[in-house]
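The values are calculated or read from the model by the stated rules, or taken from the named source; none is laboratory data. Not measured: the values here are computed from a predicted model. Because the Cβ atoms are built from the backbone with ideal geometry, glycine has one as well, and the counts that use them run over all protein chains shown. In case anyone asks, the SASA skips ligands and DNA or RNA and just uses the protein heavy atoms, side chains included. Shrake-Rupley method; radii C 1.70, N 1.55, O 1.52, S 1.80 Å.
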Amino acid sequence: MASIVVVGGGLAGLTCAWRLLRAGHQVEVLEASDQPGGHLGVVDADEPEIDTGESFDERFDVNTLRLAQQLDVGGVRQPVSAGAPHARDRADVAVLRDGRLYGERGRGLVGYLATSLLPLGARLGLASYGARALLWGRRLRMARAEWVQRLDTTSYAEDALRFAGRDAAQLVLGPVAEAATSCPTYELSRAFALEAGLRWWLPGRPIAFARGGRELVDALAARVRVRRECEVVAVESETDGARVRYRVRGDERNALADAVVVAVSAAHVSRVCAKLTPDEAGFFESVRYAPRLGVHLVLAPLPAPLLNRSFVLPRREGHASISIRIGRLRADDEGQRTTVLTLWSSPAVVEDDLRASDGALVERALRDLSRTPIGRIAVRDARVSRRPNAVPLFSVGHPTRVERFVDRIDRTPRVAFAGDYLVAPDVEGGVTSGMRAATRIAREFAAARTEGSAALRC
Ligand SMILES: Cc1cc2nc3c(=O)[nH]c(=O)nc-3n(C[C@H](O)[C@H](O)[C@H](O)COP(=O)(O)OP(=O)(O)OC[C@H]3O[C@@H](n4cnc5c(N)ncnc54)[C@H](O)[C@@H]3O)c2cc1C
């Protein structure tokens, strides 16, 4: 049995810790904030407690659902179509054009083809692009490294423009991808988008947990030892282990473990690990994050057919918001729920929006909304949430650099890394990276025991 410290109690860190615990190791998670869960578990003070309702798909979120099963989470999980309260289907994104919504609930790409959103030629372009995504996306999933490097040479915007045509690229392919990733499509890697596109374009079979995605966080945090308000300031390899220095309520402390898993955002890794190998330092310097800004409008309940829907607003139509998500506030003590519309800023304007005043942003959101079928509405409350480093950018070159990083020879001894930036910017990405880090460490310890070696290359 080895002692392992996991730095960071987001989904990646918690998943890794739970897997290592199950493999018989002694594990402790150090989390800087007062509650675990990272991006999934924390609601900013200025953000209303929305039932965001992450939904999962049995074909794509394989590791998340396997984890949920092992943790006995989601016993009451329901198909979204059955009206689960926390429901959202990623394939259910309506496109707004000339004040009308196009796209059919849960039908993915086919839902746009069946409407008059696009002229006939553009519909053919969209259909053939969908078929291409299916072909290449499947290959990417099966044989990653070889295909990733081959396809990670151009942006999704260029690829879509070339193979699907201007209308299909600007009205459907681009806006849906920007809404899903917060990344401008002229930066987004074609390799990442073609693989992720399977999830965006294939008709969904989504299921949701009864209390939303945070059920996973709660179940993990109940099983592993998480020390809150422990901000790790340094991780250093030593001959027989790795030392972690951390601050807890102003006190400096340290601990020696057999291995450490660093599961913080890539932007924070070099602050924590001062002595990375050159390959590792180069990789972490290259990872960039996109900001997210949401204007949350709290209003009287909207009609049920609109609930849990998402709309994308193509930039070509002159909107500053890229998408509108209709959700509900957490039920209050009397079980009452209120509708919340969140308008997310387009990647094209989000940097400027971070500096704009709340009043101006709310006013603009209402203007964008007045051009949708929702029209002018009375708002009870409005809040703006700003997250400067929210989402890892899977831009051109990033997927290839991840492949090289994973296979690097020159590794900091006894230190492993986990985080969504290594797989995909979503729950499945965080969970998968945590599982992979745990598997690698468990294997290394087993091999070291067999060979009687003390040199661990996690
Ligand atoms: C606004 C928003 C909405 C999203 N919605 C969805 C969605 O609907 N569906 C979906 O699938 N995904 C969604 N995502 C993405 C998903 O939440 C993330 O991909 C996932 O949670 C990332 O997990 P992680 O563990 O890799 O990183 P993080 O969540 O960033 O966790 C890192 C943890 O490390 C801690 N930490 C940092 N520094 C230190 C330190 N020095 N010492 C100790 N601890 C430290 C942090 O406090 C944090 O808890 C959303 C993300 C955002 C920002």
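Brief remarks on what is shown
- Hits in segment 425-434 - residues which are open to solvent by less than 10 Å² (accessible area, probe 1.4 Å) and of a type outside the set (Ser, Thr, Tyr): 429, 430, 431, 434
- If you go through segment 223-263 and keep only what is open to solvent by 40 Å² or more (accessible area, probe 1.4 Å), near the ligand (Cβ under 10 Å from one of its atoms) and part of a strand (DSSP E or B), you end up with 227, 231, 233, 247.
- Qualifying residue in segment 233-250 (condition: outside the structural domain of residue 141 (by TED's automatic domain parsing) and touching a Ser or Thr at 6+ places or on another chain (Cβ under 7 Å)): yes
- Looking at segment 355-458, the helices (runs of 4 or more DSSP H) lying wholly inside it that each contain 3 or more residues that are within 11 Å of the ligand (Cβ to nearest atom) and either modelled with pLDDT of 95 or more or within 17 Å of residue 15 (Cβ to Cβ) (or both) sit at 427-451.
Per-residue answers, yes or no, for (1) closer than 14 Å to residue 293 by Cβ; (2) open to solvent by 20 Å² or more (accessible area, probe 1.4 Å); (3) touching a Pro at 6+ places or on another chain (Cβ under 9 Å); (4) at pLDDT below 95:
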residue	(1), (2), (3), (4)
328	no, yes, yes, yes
331	no, yes, yes, yes
339	no, no, yes, yes
344	yes, yes, no, yes
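- Looking across segment 406-437 at every residue that is over 20 Å from the mean Cα position of the chain (by Cα) and not charged (D, E, K, R), the one that is farthest from residue 213 (Cα to Cα) is identified as 409.
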